[in-house]
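Q: Got a structure for you, written out below as structure tokens; questions coming shortly.
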Amino acid sequence: MLRLIISGCNGHMGRVVTDLASRDPDIDIVAGFDINTQKLGSYPVYSDPMEFGGSADVIVDFSHPSALDGLLRYATARKIAVILCTTGYSSEQLEQIRAASEKIPVFRSGNMSLGINLMMDLIRRACAVLGDRFDVEIVERHHRRKIDAPSGTALMLAEAAASALPYEAKYVYERESVRQPRGKNEIGISAVRGGTIVGEHEIIFAGLDEVIEIKHTALSRDIFAAGAIRAAKFMAKTKQPGLYTMSDVLREV
């Protein structure tokens with residue numbers, strides 16, 4: 001039985017993870033962490049992770065970057081694997097995550113969807129084949145409540161493209177102030193916010209007289225929770241400290 005802690009348990013995604021995990025016979029949710037300590041599920045909720053003295057195998061975090069310090073402090077002290085699904089980390093926080101991964105298994109992904117992570121593999125393949133003959137543009141769309149822009153997923157897709165392009169890519173986030181033709185080494189990233197859009201990500205390869213598009217649409221948050229639970233089962237078997245991604249999970253598919 002996998003003993004699971006859900007960080008950000010009373011948020012939108014935390015409640016979805018709770019629902020899916022509660023229906024999985026192989027998972028026991030032992031605690032939740034949240035600034036709102038209202039008990040919405042069958043498990044106790046703590047505002048300070050250090051208040052929980054029970055045993056756990058994995059922490060799934062869908063909270064906020066501000067919760068990172070306390071979460072990593074708890075996970076490293078208790079030697080518990082942690083899955084970071086939160087986006088919007090600063091460069092200093094990314095360094096904190098890297099340092100923690102030298103002590104415990106840490107999984108981090110800007111998007112927990114298996115489809116998005118497969119899309120990243122397709123992007124790397126496309127960039128390797130198309131090279132500098134096609135311009136690369138990324139458009140992401142999310143609901144009006146999303147705080148960070150561009151999304152962590154859009155940056156993941158840009159990084160996947162940049163890793164396979166034959167030049168050092170420059171990310172361009174807006175063109176209003178740029179009064180010049182598009183540079184050959186640019187990756188354009190545009191963000192749209194509105195309504196209740198769960199998440200749409202599209203990458204456009206625009207060449208001479210032809211355009212190739214790869215698009216992923218999330219129709220519900222269940223896909224992110226399902227990916228997190230899949231990652232939790234993978235990380236529960238992972239004892240070696242290190243920084244893991246969904247690519248490690250996909251290798252088992």
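The values are calculated or read from the model by the stated rules, or taken from the named source; none is laboratory data. Here the structure is a predicted model, which is why all the values come from computation and not from measurement. Cβ atoms come from the backbone with ideal geometry, glycine included; neighbour counts cover every protein chain shown. Accessible surface areas use protein heavy atoms only, side chains included; no ligands, DNA or RNA. Shrake-Rupley method; radii C 1.70, N 1.55, O 1.52, S 1.80 Å.
Q: Would you point out the residue of the range 195-208, among those that are among the β-branched types (Val, Ile, Thr) and either touching a His at 6+ places or on another chain (Cβ under 8 Å) or open to solvent by 70 Å² or more (accessible area, probe 1.4 Å) (or both), that is nearest to Phe224 (Cα to Cα)?
A: Val198
Q: Can you tell which of Val129, Val139 is open to solvent by less than 40 Å² (accessible area, probe 1.4 Å) and farther than 25 Å from Gly11 by Cβ?
A: From the options Val129, Val139, the qualifying one is Val139.
Q: Okay, next question. Can you tell me which of Val192, Val211 is free of Cβ contacts under 8 Å to residues at least 12 places away in the same chain and either hydrophobic (A, V, I, L, M, F, W, C) or open to solvent by 70 Å² or more (accessible area, probe 1.4 Å) (or both)?
A: On inspection, the qualifying residue turns out to be Val211.
Q: Go through the range 41-146 and tell me which strands (runs of 3 or more DSSP E), entirely inside it, have 3 or more residues that are under 22 Å from Met1 (Cα atoms) and out of contact with any His (no Cβ under 8 Å at 6 or more places or on another chain).
A: 58-61, 81-84, 105-108
Q: Hey, can you tell me all the residues within the range 151-161 that are open to solvent by 30 Å² or more (accessible area, probe 1.4 Å) and not aliphatic (A, V, I, L, M)?
A: Scanning the range 151-161 gives a single hit, Glu159.
Q: While we're on this one: Between a residue in the range 67-80 that is in contact (Cβ under 8 Å) with a residue 12 or more places away in the chain and among the β-branched types (Val, Ile, Thr) and any residue that is part of a loop (DSSP other than H, G, I, E, B) and buried (at least 18 other Cβ atoms within 10 Å of the Cβ), which pairs come within a Cβ distance under 6 Å, given they are 6 or more apart or on different chains?
A: Within 6 Å, the pairs are Thr76/Ile104; Ile80/Ala56.
Q: Please go through the range 222-235 and give me each residue that is aliphatic (A, V, I, L, M) and either buried (at least 22 other Cβ atoms within 10 Å of the Cβ) or within 16 Å of Ser7 (Cα to Cα) (or both), ordered by number.
A: Selection gives Ala225, Ala226, Ala228, Ile229, Ala231, Ala232, Met235.
Q: Say whether the condition of being closer than 24 Å to Val198 by Cα, open to solvent by 10 Å² or more (accessible area, probe 1.4 Å), modelled with pLDDT of 95 or more and in contact with a helix residue (DSSP H, G or I) (Cβ under 7 Å, 6 or more places away or on another chain) is met by at least one residue in the range 41-61.
A: No - not one qualifying residue is present in the range 41-61.
Q: Tell me which of these Ile116 doesn't satisfy, since it passes every other one: (1) in contact with a Ser or Thr (Cβ under 9 Å, 6 or more places away or on another chain); (2) without any contact (Cβ under 8 Å) to a residue 40 or more places away in the chain.
A: Ile116 satisfies every listed condition except (2).
Q: Looking only at residues that are out of contact with any Lys or Arg (no Cβ under 6 Å at 6 or more places or on another chain) and either polar (S, T, N, Q) or in contact (Cβ under 8 Å) with a residue 24 or more places away in the chain (or both) in the range 162-177, which one is surrounded by the fewest Cβ atoms within 10 Å (Cβ to Cβ)?
A: Ser177
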